[in-house]
Every structure is written in C-alpha cells, then in structure tokens.
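Only one structure is covered here, and it is reproduced in the block below.
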Amino acid sequence: MCSAAREDRATPGTRESLAQQFSKAIDSHHQRRQIFRTTENDPANHTEHHEGMFYTVPPEHFHQWMRKGLTVNMYRMANAFNESSLMVRRPATELIGYLQMAEYTMPVIRYLLYGEYGSGKSTSLAHVMHYCGTQGWLILHVPWGAFFNRYSRDVQPSVYRPGRLDQPLEAAEWMTYFRQMNESLLTQLNIKVQHKYVWNKRESAEVGTPLAEVMEFGLARVKYAADVVGAVLKEIRLQAAPQGFKVLMAVDGVNAFWSTTNIKVEDDRTKRHNAGNLSLVHHFKKMIRSDWSNGAVIGTVDAYANDEDQRESYLPRYVLGKEGFEWLDPHIPIYVPNYSEKEALSCLQYYIDRKWLQNPKCKVALSRLQK
Amino acid sequence: MAGAVEQLGKCMRCMSVCKRTWTPAFIQTRTAIYQPIYLEPTFRKEDLQQPLDELDKRKYQPIKAATNEQTSLASYDAVVAKFIRILTKEGNKKRARKIVDKTFENIKLIQLEKYHKAATEEERQYIECDPLTIFHQAITNCKPLLTTQKVKRGGVMYTVPIPVKPNYQMYKAMTWLIDAGTDKERDIRVWDKLAYELLNAAQNEGKGVRKKQELHKLCEANRAYAHFRW
C-alpha cells in the first residue's frame with residue numbers, strides 16, 4: 001500500500017488536473033490494503049475507529065504491566081517479533097470508555113468480561129490494565145484466579161484465624177509482583193498504615209508505619225506473608241478515596257474464588273477445601289466488594305477456572321454459581337466475542353507483515369478473501 | 001575347457017539370481033494390497049487439471065486409491081508426510097504430527113527472532129524463515145551417496161561400498177535426524193531438540209550430517225573392495 005502511494009507521489013510525470021488527481025487518490029485508497037496497524041499507542045485515545053487494528057505496546061510498558069496474564073504464545077511471539085502488539089477490540093474500548101465516564105466518589109463499579117474459551121478476555125483485560133497504568137492508577141492484578149486453588153506448594157493453617165489456610169510462598173510471590181508493577185507509584189504515594197497490626201507477641205506494625213516497610217516484613221518473614229497481603233489490601237482500600245489515588249483491581253478468572261481447591265480436608269480426606277477457606281482468596285474477595293470507592297474492579301469469568309465438571313457454559317450466572325453471582329451483584333457484564341471477519345483479516349495481515357505466515361499459498365488465500 | 005566351465009558357472013549364477021528375484025512367495029510384503037501394475041494416485045488439484053497425454057499410462061492402467069493424508073491442502077508436503085510416518089511410534093500418528101508441527105513452529109520462532117533482531121537489511125537477506133525450506137535443506141544435507149554391504153568372498157567377509165537408491169537415501173537421512181532429535185535429556189522436549197537438529201543440519205552441521213560423513217569415510221576406507229559388488 002505504502003509503496004504504491006509513494007510511487008504516485010515520487011513520479012508526478014505530466015501535470016494532471018485537480019479532478020484527475022482526486023479520482024486517482026480515491027482509486028488508490030480503494031485499492032489499498034486494509035490498514036491493520038495504528039500509530040496511536042496511547043490506550044486512552046483508542047476509540048471504535050481503531051477497532052481491529054494493532055497498536056504497539058512500548059517495551060517498558062509491556063515489561064511493567066503485562067509481565068503476567070497473557071497466553072504463553074503471546075509472549076513467545078512478542079519475543080520473536082521483537083515487538084509486542086495488541087489488537088484494539090470492542091470490549092476493551094468499551095470498558096475504557098466506561099472507566100473514563102465513571103463517577104469515582106461513588107462505590108466502585110464491577111465489570112465482568114465473559115466469553116468463550118480463547119475469545120480474548122485476558123488480552124482485553126491487559127489492554128485495560130495498560131490504560132490504567134498509563135493513567136497513573138495503582139494496579140492490583142491477580143494473573144490467574146485458579147492458581148491458588150491448583151498449584152499451591154506449601155499450605156499451612158492460619159495463625160490469625162483458625163480454620164483458614166495460608167499459602168506463604170504464593171502470597172510472597174504475589175506481593176513481589178505487585179511491588180514490581182507499581183514500584184514508582186508506591187514510592188511517590190508513600191502510604192502509611194492507619195491501623196495497628198500485631199503479627200505476634202514481639203512483632204507488630206504501629207500506626208504510621210510506611211506500607212513499604214510492612215511489605216518488606218512480609219517478604220522477610222514469609223510465615224506472615226498471607227496476613228500482610230490482607231493488611232496491604234485493607235490499607236489500599238481505606239486510603240484510596242482520602243489520599244486520592246485510583247485503584248484497579250483486576251482478576252483473571254474470578255469465578256475460581258467460589259470453586260473448590262485441590263487441598264484435602266485434614267479430618268475427612270475425601271473432601272476438599274473450598275477456595276473461600278484460603279486466606280489469600282479471602283482477602284481478594286474482600287477487595288472485589290463494592291464497599292470502597294475511587295477505583296474499579298474488573299474480572300474475567302472463565303469456565304476453565306472452574307472444576308472440570310462445571311465448564312459447560314461460559315455465561316456468568318452459570319460459571320460464577322449462585323454465591324459468586326450474588327457476591328458480584330450488581331455488575332456490568334461485557335461480552336467478548338470471537339474475531340469478526342474484519343478482525344480476522346487484520347490479524348492475518350499482521351502475521352504476514354511479521355512473516356509469521358511463511359507458506360506462499362497463505363498469501364494467495366488471503367488475497368482471495370479480501371476480494 | 002576351463003573357459004567353458006567358467007561360462008557355465010556364470011550362467012548358473014545368473015539363473016539362480018533370476019530365480020531368487022522371480023519368486024514372489026518369498027518377497028517380504030508390508031500391507032501391499034496392490035499389484036505392481038497399479039500406479040500412484042494423482043490427487044493435487046493443480047495436477048488433476050493438467051490434460052493427459054495420449055500415451056499416458058494413467059489412461060490404460062489401474063490406479064491406487066489416495067490415502068487419508070494425500071490431500072490437496074496448502075500445508076501438504078510429501079516429504080513431511082514421509083517424515084511423520086517414520087517418526088510414528090506405537091501407531092500413534094497423531095502424536096508424530098503434533099511433534100512435527102511444534103518443531104516447525106519452534107524453527108520459525110527461532111529464525112524470526114534472528115530476523116527481527118538483525119540490525120541491517122543485508123543481514124536479514126541471509127536468514128531463512130520458512131521451516132519447510134529449512135527442513136528440505138536438512139534432509140538433502142543428510143542424504144548419503146554411498147553405503148556399505150557385507151559380501152562373502154573366499155570365506156572372508158568384506159565391507160563393500162555400494163551406491164544408494166533415492167528411497168533409501170531419504171529413509172536414512174530421516175532416521176539419522178530423528179535419532180539425533182530423540183537422543184536427549186529427559187527434561188528436554190523432542191520438538192525443541194528436533195528443531196535444533198534440523199537447523200544445524202540445514203547449515204551442514206550437527207549429528208545427522210556427521211553420521212553421513214562417517215559412513216562416507218567408511219566407504220572411502222573400503223574402496224579397494226568396490227569391485228566385489230559384482
């Protein structure tokens with residue numbers, strides 16, 4: 001497309017009338033391939049005009065806000081292509097529009113992305129997270145809700161509340177992830193604790209201790225990491241409105257918070273713990289209630305975060321179950337459809353541009369499609 | 001007299017050879033449901049559109065039915081299909097196909113990374129990104145020209161170098177590549193190792209090519225016995 005246009009400009013040849021030039025320009029516009037890339041790399045400016053186009057995420061942004069949460073293939077391709085691009089799609093632009101228009105003195109609004117497996121829920125979430133990050137929000141991201149249910153390495157009974165289960169390693173891991181993501185913002189905000197937290201007889205955090213110090217304690221004494229996560233989340237929730245920083249709580253696969261875990265019950269080995277018994281999940285569940293303000297909660301509803309026998313439908317009411325649906329009620333559901341024809345074509349063009357499609361027959365097939 | 005005896009002996013040997021080749025009861029057959037008169041099928045769409053010659057055998061001889069994998073898909077490649085057939089274990093062709101697909105994907109990822117990270121346009125020209133061409137290059141680089149055969153002459157076994165038929169060349173190249181790909185640590189995936197080996201073989205390096213060179217060396221060492229072939 002570009003080369004044809006450039007040739008036109010480079011070789012003016014004989015002088016043409018204005019009308020001729022105009023008609024020629026229109027012809028070249030029609031002949032031109034569909035545009036699949038946009039130079040608008042700021043997600044705040046993405047509207048429906050950019051739909052189906054790819055925008056390039058700057059490497060430092062990709063490293064900061066999209067380190068986790070996308071599919072494995074996306075990371076491999078980003079590495080191979082030496083750039084990371086996301087397609088601007090309707091659900092993400094819609095959600096960004098809602099975030100721009102929302103009233104932040106009121107309790108937080110919950111948004112739920114739902115759709116079929118592989119339709120792009122997590123990618124849309126990543127796009128919105130990029131928007132929030134560039135706008136200077138504090139981001140709390142749970143890359144995969146079912147992670148705590150399935151892959152916990154070390155489970156210990158909670159000291160703070162008997163009956164609950166602590167996952168110290170996972171908690172410490174999440175805390176480092178959170179700290180990396182919001183490193184500059186946390187130092188700038190310099191949040192101080194408003195409550196007294198007693199970890200044991202000797203160690204406690206007094207009122208006015210910096211949040212960074214509390215997190216440092218959690219990482220040094222991993223035994224208390226899960227409780228520290230709870231304290232950090234509580235402080236952020238309480239101070240978001242008075243301190244005036246916006247908070248995004250993003251959870252991929254929220255419905256896992258109401259499913260069952262792999263961890264067997266001590267007394268009855270045939271039974272398994274509910275996810276609500278995990279202290280980490282308990283803290284995150286408190287975060288997605290709408291009893292705080294100056295922030296937003298975005299979750300994706302994914303059947304694959306459920307147990308194997310509960311994956312028949314992708315609709316929120318089925319996947320979340322009664323309890324989860326009531327917990328998240330009211331919310332704004334946003335449907336993530338599969339690729340439309342335009343989006344599929346633009347994706348194919350992007351792949352051809354990046355040389356991902358190597359077979360020459362692919363290009364022939366694509367040109368046939370475009371007619 | 002002596003000459004006549006020698007001639008008779010030669011004749012007898014010829015006859016015995018002929019006898020061996022023309023006794024179909026002793027030929028090893030694996031799922032050969034077609035007689036040799038049957039021709040290979042023409043199944044690609046572009047080949048089917050070609051008009052037939054007056055003397056074309058396909059007009060007068062029976063033709064085999066196309067197999068399941070012989071399609072006119074854009075992704076079909078006869079050599080790759082053969083490779084998959086050799087790679088198959090326990091009759092699990094699906095698994096072999098998956099391994100080959102992932103291998104090609106890995107090759108593409110490795111080459112594209114080199115391509116997009118290359119600084120200048122000149123460097124990029126020399127980076128081949130198509131996994132199929134790399135695969136074909138690897139196979140041709142591993143094909144042996146000669147092989148050895150044991151021949152007994154005067155009570156002594158000799159290793160005699162003999163030329164190779166194209167089918168056997170292909171088979172040998174593929175088995176060497178597959179052996180190189182499967183000889184690995186437990187925690188390394190086949191598709192990763194195989195991709196590495198194919199990329200190496202395309203550059204005339206690696207295990208497969210070394211196997212070929214060793215065989216050539218053996219043939220070279222035994223070239224004094226080459227005349228025992230007859």
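Criterion applied to A:Asp353, A:Asp309, A:Asp291, A:Asp302 was being closer than 20 Å to A:Pro143 by Cα and either under 20 Å from the mean Cα position of the chain (by Cα) or not polar (S, T, N, Q) (or both), and the one residue passing it is A:Asp302.
Reported count of residues in the stretch B:13-63, each being part of a loop (DSSP other than H, G, I, E, B), open to solvent by less than 100 Å² (accessible area, probe 1.4 Å) and at pLDDT below 90, is 5. Among the residues making up the stretch A:51-69, those that are under 23 Å from A:Ile334 (Cα atoms), open to solvent by 20 Å² or more (accessible area, probe 1.4 Å) and not small (Gly, Ala, Ser) are A:Glu51, A:Met53, A:Trp65, A:Lys68. The condition of being in the same structural domain as A:Ala296 (by TED's automatic domain parsing), outside any helix (DSSP H, G or I) and of a type in the set (Phe, Trp, Tyr) holds for only one of A:Tyr177, A:Tyr160, that being A:Tyr160. Scanning the stretch B:76-95 for any residue that is within 14 Å of another protein chain (Cβ to nearest Cβ) and in a loop (DSSP other than H, G, I, E, B) turns up at least one such residue.
On the given criteria, is B:Ala66 within 14 Å of chain A (Cβ to nearest Cβ), in a loop (DSSP other than H, G, I, E, B), out of contact with any Asp or Glu (no Cβ under 6 Å at 6 or more places or on another chain) and surrounded by fewer than 15 Cβ atoms within 10 Å (Cβ to Cβ)?
Working: within 14 Å of chain A (Cβ to nearest Cβ): no; in a loop (DSSP other than H, G, I, E, B): yes; out of contact with any Asp or Glu (no Cβ under 6 Å at 6 or more places or on another chain): yes; surrounded by fewer than 15 Cβ atoms within 10 Å (Cβ to Cβ): yes.
Criteria not met by B:Ala66.
Considering each residue of the stretch A:255-270 in turn, at least one proves to be over 30 Å from A:Ile334 (Cβ atoms), in a strand (DSSP E or B), assigned by TED's automatic domain parsing to the domain that holds A:Glu323 and aliphatic (A, V, I, L, M).
A search for C-beta distances below 8 Å between a residue of the stretch A:347-371 that is charged (D, E, K, R) and any residue that is in a loop (DSSP other than H, G, I, E, B), counting only pairs 6+ apart in sequence or on different chains, returns A:Asp353/A:Phe36; A:Lys355/B:Cys129; A:Lys361/B:Ala74; A:Lys363/A:Leu357. Of the helices (runs of 4 or more DSSP H) lying entirely inside the stretch B:99-189, those containing at least 3 residues that are open to solvent by 70 Å² or more (accessible area, probe 1.4 Å), without any contact (Cβ under 8 Å) to a residue 24 or more places away in the chain and more than 14 Å from every other protein chain (Cβ to nearest Cβ) span B:166-182. Of all residues in the stretch A:338-364, exactly one satisfies the criterion of being out of contact with any Lys or Arg (no Cβ under 9 Å at 6 or more places or on another chain), open to solvent by less than 50 Å² (accessible area, probe 1.4 Å), within 14 Å of chain B (Cβ to nearest Cβ) and part of a helix (DSSP H, G or I), namely A:Cys362.
Determine if the stretch A:301-309 includes at least one residue that is of a type in the set (Asp, Glu), within 14 Å of chain B (Cβ to nearest Cβ) and in contact with a strand residue (DSSP E or B) (Cβ under 9 Å, 6 or more places away or on another chain). Break it down into steps so the answer makes sense when it comes.
Initial filter on the stretch A:301-309 (of a type in the set (Asp, Glu)): A:302, A:307-309.
Then drop every residue that is not within 14 Å of chain B (Cβ to nearest Cβ), which leaves none.
For the stretch A:301-309, residues of a type in the set (Asp, Glu), within 14 Å of chain B (Cβ to nearest Cβ) and in contact with a strand residue (DSSP E or B) (Cβ under 9 Å, 6 or more places away or on another chain): absent.
So, in the stretch A:324-337, exactly how many residues are of a type in the set (A, V, I, L, M, F, W, C) and outside any helix (DSSP H, G or I)? First the steps, then the outcome.
Let us first name the residues in the stretch A:324-337 that are of a type in the set (A, V, I, L, M, F, W, C), namely A:325, A:327-328, A:332, A:334, A:336.
Among the residues that remain, those that are also outside any helix (DSSP H, G or I) are: A:328, A:332, A:334, A:336.
Within the stretch A:324-337, residues that are of a type in the set (A, V, I, L, M, F, W, C) and outside any helix (DSSP H, G or I) number 4.
When each of A:Leu113, A:Leu125, A:Leu86 is tested for being open to solvent by less than 40 Å² (accessible area, probe 1.4 Å), outside any strand (DSSP E or B) and among the hydrophobic types (A, V, I, L, M, F, W, C), the lone residue that passes is A:Leu125.
The values are calculated or read from the model by the stated rules, or taken from the named source; none is laboratory data. All of these numbers come straight from a predicted model, not from anything done at the bench. Cβ: placed from backbone, ideal geometry, glycine included. Neighbour counts: every protein chain shown. These area figures cover heavy atoms from the full protein model, side chains too; ligands, DNA and RNA do not enter into them. Shrake-Rupley method; radii C 1.70, N 1.55, O 1.52, S 1.80 Å.
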